[in-house]
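Throughout, read-outs are computed from the coordinates displayed, never taken from laboratory work. Note that the structure is predicted; figures quoted are calculated from it, not measured. Cβ placement follows ideal geometry from the backbone for every residue including glycine, while neighbour counts extend to all protein chains displayed.
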Amino acid sequence: MKDPCILYKSQYNKAKETLDILEEQKSQIDNNLKSDPICSNLHKELRRINLDIKITINEIEHAESDILKCESNQITFKK
């Protein structure tokens, strides 16, 4: 059976990569809004990106929690 800690760490790493991409996209939208501050499409895209960022941060926090639980369980079993 595979170590669940490896799965949680993989999920954490993937979520961090996704967050980096989303933050870059948000930065691009923010820059575009400077030149066209009333563009409804940009505001719609910004809302979507902000929601995706919140979801991804939640996934990161969940993975961190799972990693801590997993590692503490492994330490308990090794004693």
Looking at [x] 61, 17, 14; [y] 40, 26, 18; [z] 68, 18, 17, which value of Cα extents along the principal axes in Å comes from a calculation on the structure shown?
[x]
Rounded to whole Hz and in sequence order, give me ³J(HN,Hα) for region 48-57 from the Karplus expression 6.51 cos²θ - 1.76 cosθ + 1.60, θ = phi - 60°, writing x for Gly and Pro.
5, 5, 4, 5, 4, 5, 4, 5, 5, 4
L7-K34 FRET efficiency (beta carbon distance; Förster radius 30 Å; 0.05 resolution):
0.15
In this structure, among K14/K34; K9/K54; K2/K54, pairs with alpha-carbon gaps over 25 Å are K14/K34; K2/K54
Under the Karplus curve 6.51 cos²θ - 1.76 cosθ + 1.60, θ = phi - 60°, whole-Hz ³J(HN,Hα) for region 20-25, x wherever Gly or Pro sits
4, 5, 5, 5, 5, 5
Could you tally the net charge around I49, taking each other residue with its Cβ under 11 Å from the Cβ of I49, Lys/Arg +1 and Asp/Glu -1?
0
Return the aspartates and glutamates within reach of K44: Cα separation strictly under 19 angstrom, same-chain partners fewer than 8 residues apart disregarded; answer none if there are no such residues.
E23, E24, D30, D36, D52
With -39,500 (n - 2.57) per DSSP H segment of 4 or more residues and division by the full residue count of the chain, the 222 nm estimate, nearest 500 deg cm²/dmol, is -33000 deg cm²/dmol
